[in-house]
Amino acid sequence: MSVIAPPGRLRITPDAIEEAAKLLYIRALKILPDDIKAGFHRLDASETDGLAKSVLATMIENIAVAERTENLLCQDTGIPIFNVEIGRDVEVDGWALKQAIARGTERATREHPLRSSVVHPITRVNAHSSCGAHVPVIHLDFIEAPRVLRLTMIPKGSGSENGSFLRMLIPADGIAGVKRFVVDAAIQAGGKVCPPTIMGVGVGGTSDLCMHLAKVAATRPLGSVCADPEGAKLERELSEAVNGLGIGPQGLGGDSTAFAVHVEVAATHITMNPVAVNIQCHSARRASATFTPEGVEIGF
Amino acid sequence: MAHHILHMPITEAQARALRAGDTVTLQDTLFGIRDATQIHMFDRGRRTRFDLSGHAVIHTAPNVRKVERSGTNQAGYEAVCIGTTTSDRMERFTRPLMEREGVRLIIGKGGLREESARAFQELGGAYLAVIGGAAALETTWITAIEDVDLDDLNPESLWRFAIRDFGPLIVGMDSHGGSLYRGVQERAAARRAEVLARLGAA
């Protein structure tokens with residue numbers, strides 16, 4: 001069995017990954033994706049509460065100030081998360097890739113400089129590198145497209161991450177139990193999670209998979225729809241429900257509590273009915289680099 | 001709804017003049033404080049050399065750049081990005097901040113709870129809401145990092161900022177029992193049944 005890459009494969013060096021990781025962390029913190037900007041204008045157009053409209057206006061102004069002054073949108077540099085999608089004809093040293101992402105993250109932190117928001121969980125010591133055990137969080141996935149590697153960076157803010165909820169409901173609780181859990185999570189989170197938010201909901205799977213699905217849902221672009229038709233229906237119902245609670249931007253009242261509720265589903269056990277909520281704040285930041293034989297494209 | 005311009009520090013009477021829903025612009029001085037700062041100050045008995053009496057504190061941990069200390073910059077830091085964190089985690093420090101340190105105003109996002117509301121009522125203080133996540137804008141209201149204490153906790157040090165036209169902020173909780181957050185939470189709880197009925201999940 002040959003371990004030499006055949007011709008025509010896309011070869012990506014650790015140095016290229018390191019540079020991309022550094023660039024993406026800083027870019028994600030400064031430029032909000034177009035779908036989120038559009039989401040703000042959609043909410044602003046439909047908001048009926050005067051104070052909520054002024055809060056949204058300040059958030060929209062902040063997006064422009066961040067771009068004009070090349071500054072961070074939010075001071076929370078978050079927990080760095082990298083999603084890596086690897087095509088079928090890509091040659092990359094996986095171990096070196098993980099080291100390169102951590103090096104890029106640390107360099108962004110020291111060279112920009114950025115606040116390292118990462119500490120040891122027991123000693124609370126901050127290494128000022130934005131890195132530590134299992135951080136950056138790296139998710140690897142393999143995709144059908146042949147010669148492409150996509151690196152997506154998500155700086156996950158803590159205010160919204162603290163708004164994470166999991167319950168191992170039982171089959172007798174049904175989908176009604178899932179809906180009640182999501183509505184109650186929105187009420188409990190209130191203004192603490194920096195609304196308007198993207199509420200990510202995981203339904204099914206195991207406990208860990210369920211929470212992971214909630215994170216995937218919370219960090220999906222606005223306008224994307226759950227691939228499962230029942231999940232997509234739940235997204236529409238829950239989006240309307242959450243925005244009917246009156247929590248509003250910053251929890252100060254109004255119609256704009258969530259840009260959207262996103263749902264992801266996984267098959268589960270006959271005895272289980274797990275539901276998880278993970279929330280993305282209005283600074284719903286992400287940046288991506290797509291490596292192809294033609295070069296590297298930077299986007300969201 | 002009145003607008004107040006407050007040059008810090010302020011008196012108890014000035015704090016008690018604020019009503020929930022009013023807006024405020026702060027001038028001159030603001031202190032930055034966070035989880036670790038207050039855990040060390042109130043759980044571990046550490047003291048600050050800063051006089052916080054009559055002042056405002058903001059729940060923050062800034063992004064900063066180290067620079068040479070000079071006559072005009074004693075702190076040795078300049079601001080990169082300064083914003084506001086969720087206040088709820090620091091709920092239990094409101095009373096000691098006011099009782100021991102004399103703090104009058106707490107600035108944060110997302111609001112505080114009933115024990116803080118009681119402290120504001122009994123001791124004469126208020127909670128001012130800044131728009132969370134709008135840190136690039138907030139940074140433009142800060143003219144300098146004047147000084148820093150408890151800096152072994154960096155970035156959760158105790159920071160002294162010079163400010164100009166810091167706001168407008170919204171009075172979220174006042175010294176008369178008024179709280180915008182309580183009103184919103186009560187309304188959400190009241191709407192819950194109707195929302196669940198529409199979902200077929202009552």
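Can you work out the base-10 log of I(q)/I(0) for region A:159-280 at q = 0.13, 0.18, 0.22 1/Å, using the Debye formula on its C-alpha atoms alone? Computed log10 I(q)/I(0) values: -0.42, -0.82, -1.22.
Taking trypsin sites (Lys or Arg not before Pro) as candidate sites, keep only those in a DSSP loop with at most 10 other Cβ atoms within 10 Å, then name the longest stretch of chain B containing none of them. Between the exposed loop sites, the longest stretch runs B:50-202.
Checking the Cα-Cα distances for A:Lys98/A:Lys192; A:Lys37/B:Lys66; A:Lys30/A:Lys192; A:Lys53/A:Lys215; A:Lys22/A:Lys53; A:Lys37/A:Lys215 against a 25 Å cut-off, the pairs over it are A:Lys98/A:Lys192; A:Lys37/B:Lys66; A:Lys53/A:Lys215; A:Lys22/A:Lys53.
Just counting partner chain Cβ atoms within 10 Å, what average do the residues of peptide A:238-247 show around their Cβ?
Details: counts 2, 0, 3, 8, 1, 1, 7, 10, 9, 6.
Mean inter-chain Cβ contacts per residue within 10 Å come to 5.
On full extension, the segment bounded by A:Ala64 and A:Thr13 gains 14.8 nm, given 0.36 nm per residue less the C-alpha separation. Remark: spin-label model distance A:Asp89-B:Gln27 equals 6.9 nm, labels positioned 7 Å along the Cα→Cβ axis.
Just the Kirkwood number for chain A, please: inverse of mean 1/r across all distinct Cα pairs, in Å, one decimal.
Working: mean 1/r = 0.0496 Å⁻¹.
Averaging 1/r across every pair of different Cα atoms and inverting gives 20.1 Å.
Using the alpha-carbon atoms, what tilt in degrees (0 to 90, nearest 10) does helix A:50-68 show relative to the longest principal axis of chain A? Approximately 10 degrees, to the nearest ten. Of interest is the spacing of the C-alpha centroids, which for region A:53-119 and region B:62-141 amounts to 25 Å.
Among the GluC sites (Glu not before Pro) in region A:23-122, which ones are in a DSSP loop with at most 13 other Cβ atoms within 10 Å of the Cβ? Mind listing them? Taking region A:23-122 and a limit of 13 other Cβ atoms within 10 Å, the loop GluC sites (Glu not before Pro) found are A:Glu70.
If you restrict to DSSP beta bridges whose two residues both lie in the protein assembly as shown, what percentage is antiparallel, to the nearest 5?
Values: 53 of 85 bridges.
Of the beta bridges lying entirely in the protein assembly as shown, close to 60 percent run antiparallel.
Dividing the convex hull volume of the alpha carbon atoms of region A:30-186 by its residue count gives 204 Å³ per residue.
Take every Cα pair under 8 Å whose residues are at least 6 apart in sequence, average their separation, divide by the length of region B:44-103, and the relative contact order is 40 percent.
If you count the DSSP beta bridges with both ends in region B:3-198, what percent of them are antiparallel, to the nearest 5?
Antiparallel: roughly 60 percent of the beta bridges in region B:3-198.
In terms of its C-alpha gyration tensor, the protein assembly as shown comes out oblate, because a/c is 1.5 or above while a/b does not outweigh b/c.
The mean number of partner chain beta-carbon atoms within 10 angstrom of a residue's beta-carbon across peptide A:74-81 is 5. Distance between the C-alpha centres of region A:192-270 and region B:36-51: 39 Å, rounded to the whole angstrom. Each DSSP beta bridge with both residues in chain A is either parallel or antiparallel, and the antiparallel ones are about 65%. For chain B, the Cα gyration tensor yields ellipsoid semi-axes of 30, 19, 17 Å (square root of five times each eigenvalue, largest first, whole Å). Each Cα pair under 8 Å and six or more residues apart adds its sequence gap; the mean of these over the residue count of region A:159-280 is a relative contact order of 45 percent.
Would you work out if region A:242-300 is rounded, prolate or oblate? Take a ≥ b ≥ c from the square roots of the eigenvalues of the alpha-carbon gyration tensor; rounded if a/c is under 1.5, else prolate when a/b is larger than b/c, oblate otherwise. The shape class here is oblate. Listed as lacking a disulfide-compatible partner in the protein assembly as shown: A:Cys74, A:Cys131, A:Cys210, A:Cys226, B:Cys81, by the criterion of no other cysteine Cβ under 4.7 Å.
Each residue, A:Ala176 and A:Arg110, gets one label point 7 Å from its Cα in the Cβ direction; the gap between the two is 5.9 nm.
Which of the GluC sites (Glu not before Pro) found in region A:228-300 are loop residues per DSSP with 16 or fewer other Cβ atoms within 10 Å of their Cβ? For GluC sites (Glu not before Pro) across region A:228-300 that sit outside H, G, I, E and B with at most 16 neighbouring Cβ atoms in 10 Å, the list reads A:Glu294.
Between B:Asp151 and A:Asn162, what's the calculated FRET efficiency when r is the beta-carbon distance and R0 is 35 Å? Round to 0.05. With R0 = 35 Å, the Cβ-Cβ based efficiency is 0.85.
With a point put 7 Å past each Cα toward its Cβ, work out how far A:Glu230 is from A:Glu144 in nm, to one decimal. With each label point 7 Å from Cα toward Cβ, the separation is 2.4 nm.
Mind listing which trypsin sites (Lys or Arg not before Pro) in region A:73-104 are in a DSSP loop and have 13 or fewer other Cβ atoms within 10 Å? Don't skip to the end; give the middle numbers.
Values: sites: A:Arg88, A:Lys98, A:Arg103; in loops: A:Arg88.
Passing both the DSSP loop test and the Cβ count: A:Arg88.
Averaged across B:99-112, how many Cβ atoms of other chains sit within 10 Å of each residue's Cβ atom? It would help to have the intermediate numbers written out before the result.
Working: counts 0, 0, 0, 0, 0, 0, 0, 0, 0, 0, 7, 11, 6, 0.
Per-residue shielding by partner chains comes out at 2.
With 0.36 nm allotted per residue and the present C-alpha distance subtracted, the B:Asp51-B:Arg92 stretch has 12.7 nm of extension available. Using a Förster distance of 56 Å, how high is the FRET efficiency between B:Ala189 and A:Val296, based on the Cβ-Cβ distance and rounded to 0.05? E(calc), rounded to 0.05, equals 0.65.
Estimated purely from DSSP H runs of n ≥ 4, each contributing -39500 (n - 2.57), the mean residue ellipticity at 222 nm for the protein assembly as shown is -10000 deg cm²/dmol once divided by its residues.
Where a number appears in this text, it was derived from the coordinates with a stated rule and is not lab data. Since we're looking at a predicted model, the values are computed, not measured. So basically every Cβ, Gly included, is an ideal-geometry build from the backbone, and we count neighbours across all protein chains shown.
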